[in-house]
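Below is one structure, written out as structure tokens; comments come after it.
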Amino acid sequence: MKGFFVVIDLGGTNLRGAAIDLKGNFLARSSSPSPAPLPKREGMVKLREEIEGLLERGFSQGYKPLGIGLGIAGVLSRDGVLTQSPNLQNLAGVHLNEELDDSFSLPVKMDNDANMYTIGEGWRGAAQGVKDFCCLTLGTGVGGGIVMGGELYRGAYGTAGEIGHMVIDEDGLPCYCGNRGCLETYISASGIVKKAAELGRKVDSSYELYEAAHRGDRLAQEVFGEIGRYLGVCMANLVNMLSPAMIVLGGKVSGAWDYFVPSALEEMKRRAFRYPVERVEVVKGMLGDDAALWGCTYLVSQDLGINLE
Ligand SMILES: [Zn+2]
């Protein structure tokens, strides 16, 4: 019997999943709103149902489930407790590893969603073959992942790589995480809306601002230029601290690339050490919404010692 994995990307806005066979074919896909607004118990029920549905759909096609990979928006301990999650507050404190082990009796491998994204882009995407790189996912929140020497860097307690919570302005806006002035407060979708309001443009979404910029609206373009500068400060810090060969920018906000990346690059070059900053490549993620699903697939297969074809 051929095997397959169920992989899940649980964010603050969407819950996406897939059943993927060992050749990397999608046997099934699922997408629904995130259980973020639901109370803890209902949220876990929804997550289990999503996994169950994908297990059944793979099974009904004659495949045997081998394991589950889960990327989740939040700070996970090494043993699988969601210790803190600005975007999934109701699930904070849940021992996800235990809960899912008990439910499915299948090996479960989980990590932060941005780490999964990073592993995915490194395996099959923009950073294929690159040994030292950082990823930033610019979306509902700002996620980050760091690969050094070909390995994801998790730190002593499994929580490393929260690039979105690098402080860019010590007196800046309050962040969901409890700190102030984190990068996320400027360049997440909601941060962009706030920055636009501050600069005199009221919009309901970052996409609305993007459309305005696209139509040639100067003020909208200036807002993106401004938030790009915050990103540039962050990237200069990354370059000085880690000297990555590449910085991958992904997430839905990266669709507005032309409007914020030029000012980000300018700011980064102005601030960082010349030798590494002249060499670092800043590129767009290649795998889109599937990056984290690929990362989950890689991690769970590696954990089980299964080589994907
Ligand atoms: Zn923060």
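The values are calculated or read from the model by the stated rules, or taken from the named source; none is laboratory data. Since the model is a prediction, treat every value here as computed from it, not as a measurement. All Cβ positions, glycine included, derive from the backbone under ideal geometry; neighbour counts span all protein chains shown.
Quick notes on this one:
- Looking across ARG48, ARG78, one residue alone is touching a residue at least 24 places away in the same chain (Cβ under 8 Å) and in a loop (DSSP other than H, G, I, E, B). It is ARG78.
- Meets criteria (of a type in the set (A, V, I, L, M) and modelled with pLDDT under 95) for VAL261: no
- Pairs, first on the phi < 0 side of the Ramachandran plot in region 220-239, second among the acidic types (Asp, Glu) and outside any helix (DSSP H, G or I), C-beta under 8 Å, six or more apart: TYR230/ASP169
- Among the residues of region 188-216, the one identified as out of contact with any Gly (no Cβ under 8 Å at 6 or more places or on another chain) and in contact (Cβ under 8 Å) with a residue 60 or more places away in the chain is ILE192.
- Search result, residues across region 38-57 that are over 22 Å from the mean Cα position of the chain (by Cα) and under 15 Å from ASP101 (Cα atoms): VAL45, GLU49, GLU52, LEU55
- The single condition from (1) at pLDDT below 95; (2) away from the ligand (no atom under 16 Å from the Cβ) that ALA245 fails is (1).
- Here GLY93, GLY12 are screened, and the one residue that is crowded, with 16+ Cβ neighbours inside 10 Å and not assigned by TED's automatic domain parsing to the domain that holds LYS252 is GLY12.
- Subset of region 174-213 (residues that are surrounded by fewer than 17 Cβ atoms within 10 Å (Cβ to Cβ) and under 24 Å from GLY145 (Cβ atoms)): GLY178, ASN179, ARG180, SER190
- Qualifying residue in region 230-250 (condition: in contact with a helix residue (DSSP H, G or I) (Cβ under 8 Å, 6 or more places away or on another chain) and more than 27 Å from GLU121 (Cα to Cα)): no
- Taking region 104-205 and the strands (runs of 3 or more DSSP E) fully enclosed by it, the elements with 3 or more residues that are away from the ligand (no atom under 16 Å from the Cβ) and assigned by TED's automatic domain parsing to the domain that holds VAL7 are at 108-112.
- Among the candidates GLY62, GLY53, the residue that is away from the ligand (no atom under 16 Å from the Cβ), more than 27 Å from THR137 (Cα to Cα) and in contact with a Lys or Arg (Cβ under 8 Å, 6 or more places away or on another chain) is uniquely GLY62.
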